[in-house]
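A short write-up of the structure that comes next.
Any read-out appearing in this document is the output of simple, stated calculations on the displayed coordinates, not a laboratory observation. All values derive from a computational prediction rather than experimental measurement. Positions of Cβ are generated from backbone atoms using ideal geometry, with glycine treated the same way; all protein chains shown enter the neighbour counts.
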Amino acid sequence: MRQLMVLSDRRLEWRETVAPKLLHATDALVRPVALSICDADTAYLRGAFPARDEFCFGHEFVADVIEAGDGVTAFAPAIA
Ligand SMILES: [Zn+2]
């Protein structure tokens, strides 16, 4: 599995990472099916905000729920 990271110098880089898993009863795992870019992300890449440590890029998406913890009541895994 890969994740897109924003480095501290604002470059983007794909990195290998372990598959996510549920850590808490209120967690859910999702598989994005449609993505978009956020104006805040592009502003950050252009230098509009102070630089920070690297972080995972992207947070605008529509997704299928593929797994949900016992404490999740508003969503359930999609039936394939
Ligand atoms: Zn956003």
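A compact table of results
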| item | result |
| --- | --- |
| Within region 20-51, backbone nitrogen closer than 11 Å to the virtual label 7 Å beyond the Cα of residue 76 toward Cβ | none |
| Residue 29/residue 8 FRET efficiency (R0 22 Å; Cβ-Cβ; nearest 0.05) | 0.20 |
| Nitroxide proxy distance, nm - points 7 Å out along Cα→Cβ at residue 63 and residue 22 | 1.5 |
| Assigned charges on the beta-carbon of Lys, Arg, Asp, Glu; region 2-68 dipole about Cα centre (debye) | 140 |
